[in-house]
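So the structure is just underneath, and the comments pick up after that.
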Amino acid sequence: MTWTVVDRESGTPLFRQIYESFRRRILQGELEEGERLPSTRELASSLQVSRTVIVEAYEQLLAEGYIEGRHGSGTFVAEGTHLLQAAPAGLARSVSAVPPQSFEGAPARKRELIDFRHGIPALDLFPRKLWGELAKRIWADASAEAFGYGRPEGRHELRSVLARYLRRSRGVVCEPEQLLVTTGATQAISLIAKLLLTGKSDVLMEDPLTYEIHTMFSLPGAKLHPIPVDESGMMTELLPAGIHPKFIYVTPSHQFPIGGVLPIQRRVQLIQYAARTGSYIVEDDYDSEFRYESAPVSSLQGLDPERVVYIGTFSKILSPALRMGYVILPPSLVQNARSLKWLTDLHTPSLEQLVLAEFIEEGHLDRHIAKMKKLYRKRRDFLIRQLRHAFGEAVNILGHSTGIHLVAEFAGISFTPKLLSVIEDNGVKVYPVTVHAFRKDVQKRRIIIGYGNLSEERIAEGIRRLSELLKK
């Protein structure tokens with residue numbers, strides 16, 4: 001049996017070719033659930049590639065839940081991975097931070113605040129010199145047209161570059177025409193709410209999920225249905241029967257804030273549920289570039305481009321100050337979304353788009369991500385060691401495989417507003433998961449600890465202060 005083939009002339013890495021081939025065949029049912037796969041040595045010999053290449057491809061498939069290892073028996077296709085294609089007629093093809101918590105009235109602090117705010121990258125390492133050189137060149141060479149009013153969907157140069165980049169790095173399937181450049185993810189989410197929601201619309205969303213999103217979806221009068229998450233993301237077996245939601249909002253590659261990665265079995269269940277109910281899926285892919293245990297997990301959008309609305313941002317990768325994000329829309333939604341964007345702000349600043357397009361096209365974004373991934377992994381590991389040293393078995397650490405934050409759960413401690421105020425008065429700011437939760441009691445022992453913008457020295461000092469307070 002020929003398991004797969006590789007193209008050595010392709011620019012795609014060999015491990016990626018093998019991973020994508022097996023992934024496609026599993027999803028389409030060519031490889032049956034429970035079917036035994038060749039050993040890494042056997043496949044490496046058959047393809048005449050290094051065994052390391054096969055191991056890397058298998059590890060990625062294993063991380064995403066497509067395959068499973070059975071001790072002493074080998075590697076097998078996992079259950080629940082066959083994606084049945086179904087699309088209702090209504091989804092046809094046609095293209096024509098409010099801070100989660102604040103405490104007023106606290107006494108003056110005697111020590112500098114160590115802020116474990118999540119979602120902030122290492123601001124001091126933004127490639128400002130390179131960015132400035134690119135900006136100078138763009139401003140000098142750009143045509144007069146670039147200084148006028150732009151298109152609401154954004155510059156074609158950036159949309160074309162982004163479509164290629166996302167296809168390569170995230171497995172996204174789209175054309176530049178489906179891409180809308182926004183001033184950050186917040187505007188993208190707001191546009192989706194205006195585009196899809198009316199009074200009394202049903203929306204399914206993870207619980208917990210970013211507090212601001214609750215607010216944005218509630219404003220049009222939508223009815224929110226929270227679906228609990230566990231350490232593997234949304235619990236899709238709890239999706240409700242009897243309703244037809246406008247969309248289902250998920251963070252499948254790194255659930256916010258708990259941190260789970262949605263396995264392929266749940267992705268399949270989610271897509272099948274959306275097909276049955278005629279719903280869209282909104283995929284918020286806010287920081288999945290920074291995955292530490294394997295390569296970044298492929299997008300949900302790549303499994304069903306006609307149904308998934310895909311949101312991305314450069315705030316976590318580069319800097320929040322850029323105010324640059326994007327949304328990829330199923331073809332049927334593109335024209336209305338462009339009209340809404342035009343009514344919102346005419347267009348996203350053009351020259352910044354051209355600088356970003358050049359930054360990506362010249363390979364600087366890939367190099368920056370690789371550099372920052374090493375740094376964030378080092379900071380994450382250091383933070384975990386500090387937590388373990390300070391609290392031992394009394395702390396449970398969640399969601400540390402991806403992104404620039406983790407969640408710490410403390411036995412016997414409830415993070416009430418009073419306790420959080422005391423912690424902040426003593427020079428440390430941490431963020432409770434309860435702010436983002438519908439079911440507050442389930443999350444009361446958990447806090448979000450961001451580490452992207454903190455040095456190891458400040459991480460160590462912050463955890464030391466936190467330890468002193470909590471042990472009292």
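Here, each number is a calculation from the coordinates, and none is a lab measurement. Keep in mind it's a predicted model, so treat the numbers as computed, not measured. Note: ideal-geometry Cβ built from the backbone for every residue, glycine included; neighbour counts use all protein chains shown.
Worth pointing out:
- Distance between the pseudo-spin-label points of F126 and K472 (7 Å out from Cα toward the beta carbon): 3.7 nm.
- Summarising the label geometry, the points placed 7 Å from Cα in the beta-carbon direction at N426 and E293 lie 3.2 nm from one another.
- Size of charge dipole - segment 154-301 - debye, nearest 20, with Cβ of Lys, Arg +1 and Asp, Glu -1, no other charges: 500
- At R0 = 56 Å, FRET efficiency that the Cβ-Cβ distance of R51 and R439 yields, to 0.05: 0.75
- Estimated FRET transfer efficiency (D381, E9; beta-carbon r; R0 35 Å; 0.05): 0.35
- Interchain or long-range residues, amide H under 5 Å from D207's placed H: I227, V229
- Positive-end residue of A193, N453, L322, charge dipole of the chain with Cβ unit charges: N453
- Computed FRET value (nearest 0.05) for S218 with E175, which takes r as the C-beta separation and R₀ as 51 Å: 0.95
- Taking the Cα centre of the chain as reference, the dipole from Cβ charges on Lys and Arg (+1) and Asp and Glu (-1) amounts to some 1000 debye.
- For the chain, the 222 nm mean residue ellipticity estimated from helices alone, with every DSSP H stretch of n ≥ 4 adding -39500 (n - 2.57) and the total spread over all residues, rounds to -12000 deg cm²/dmol.
- Of the beta bridges in segment 175-239, as assigned by DSSP with both residues counted there, near 25 percent are antiparallel.
- Euclidean distance between Cα centres, segment 357-396 to segment 406-434, Å: 23
- Whichever lysines have a C-alpha closer than 29 Å to that of K371, once near sequence neighbours (fewer than 8 apart) are set aside: K129, K136, K316, K429
- Potential extension, A370-I413 segment - 0.36 nm per residue separation minus Cα distance: 11.8 nm
- Overall Cα dimensions of the chain, principal axis frame, Å, largest first: 69, 66, 52
- Distance between modelled label sites at S455 and A144, nm, 7 Å Cα→Cβ extension: 5.1
- Given charges at beta-carbon only (K, R positive; D, E negative), |dipole| of segment 14-77 in Debye: 200
- Simple rule: put +1 on each Lys or Arg Cβ and -1 on each Asp or Glu Cβ in the chain, find the dipole, and look at F410, G132, G34; the Cα lying farthest toward the positive end is F410.
- Vicinal HN-Hα couplings computed from phi for segment 297-307 (Karplus, 6.51 cos²θ - 1.76 cosθ + 1.60; Hz; Gly/Pro x): 6, 5, 5, 5, 4, x, 7, 7, x, 7, 10
- Taking every DSSP bridge with both residues inside segment 142-363, close to 35 percent are antiparallel.
- Gain on full stretching of the segment that runs from S332 to R137 - 0.36 nm per residue minus C-alpha separation: 66.4 nm
- Positive end of the dipole of segment 324-472 (Cβ unit charges, origin at the Cα centre): among L387, H436, I369, the Cα lying farthest that way belongs to L387.
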